[in-house]
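Participant: To start, I am sharing the structure in question, which I have written as structure tokens.
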Amino acid sequence: MRADAQRNRERLLAAAEEVFLERGANASMEDVAKRAGVGIGTLYRRFPTRDDLLAAAYSERFLSLVAASEARSSEVDALAALRAYTEDLVVHTGVYRGIAASLGALLQCGTPGCKATSKEGQRLLRLAQASGAVRADVTFDDLVAVAMATSMATEHATDQATDQASSPTNRIAHLIGLFFDGIGSRPTQASAASGKRTSARIPK
């Protein structure tokens, strides 16, 4: 990339960060270009879609999420690591207001942060399933869908909530906990039936 092109890209990303933080993920692309001091054509040449721009602006945040997850996963069990990753994904998704609906698309945009985040989530899910803690039919797309729904549900909560249980951090942990309770491995019907027969033979 030529030096002037690199400078334009950096200006656009800095402007996007400011505008999206101020106005949310649905802010005008024209506003981003104006803040960066470049023409709208320059913006679209660098970032053909809004999702491309959002993904690029989010890339460093996602890389920090992955670094924290990798460091943590060696210290806790597979299920705890996956749950913490999912909570972190929700927290990071809440930085730009309104970005939750685009999370699935962002993770497929191909930036270093987006690719690393998807890869880390898939790795943790495989480990949790291999340990027997998570059902085999759960997919990474399921985790993303839950992160999106949780982010949207908690988007308007504030840390100043009068009820501590309704603060964003506690609300996220509560909702993610409900999901993880649901995806835990369950005995098969055959093993459950065997257990019932065994119990029935125990004399009272």
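Nothing in this text is a laboratory measurement; each read-out follows from the coordinates by a stated rule. Just so it is clear, the structure is predicted and the values come from calculations on it, not from any experiment. Note that we place each Cβ from the backbone using ideal geometry, even for glycine, and neighbour counts take in every protein chain shown.
Participant: Sorting F140, F47 on the 10 Å Cβ count, fewest up front, what's the list?
Facilitator: The most exposed by this proxy come first: F140, F47.
Participant: Can you give the relative contact order of the stretch 1-48 as a percent, counting alpha carbon pairs under 8 Å and 6+ residues apart?
Facilitator: Working: 27 pairs, mean separation 16.7, N = 48.
Relative contact order of the stretch 1-48: 35 percent.
Participant: Let me ask something else. Rounded to the nearest 0.05, what FRET efficiency do Q6 and S131 have when you use their Cβ-Cβ distance and R0 = 45 Å?
Facilitator: Details: r = 45 Å, r/R0 = 0.99.
According to the calculation, E is roughly 0.50.
Participant: Short version: ³J(HN,Hα) in whole Hz for each residue of the stretch 67-74, in order, from phi by Karplus 6.51 cos²θ - 1.76 cosθ + 1.60 (θ = phi - 60°), x for Gly and Pro, what are they?
Facilitator: The phi angles translate into 4, 5, 5, 5, 5, 6, 5, 7 Hz.
Participant: Between F140 and Q122, what is the label-point separation in nm under the 7 Å Cα-to-beta-carbon projection?
Facilitator: Taking the simple label geometry, Q122 and F140 are separated by 0.4 nm.
Participant: Just to verify a number: FRET efficiency for A105 and D77, C-beta to C-beta distance, R0 = 25 Å, to 0.05?
Facilitator: Numbers: r = 32 Å, r/R0 = 1.26.
Plugging the Cβ-Cβ distance into 1/(1 + (r/R0)^6) gives 0.20.
Participant: Still on this structure, I have one more. Hey, for a label at R23 modelled as a point 7 Å past Cα toward Cβ, could you say which residues of the stretch 99-134 have their backbone N under 19 Å away?
Facilitator: Only 99-102 fall inside the zone, counting backbone N under 19 Å.
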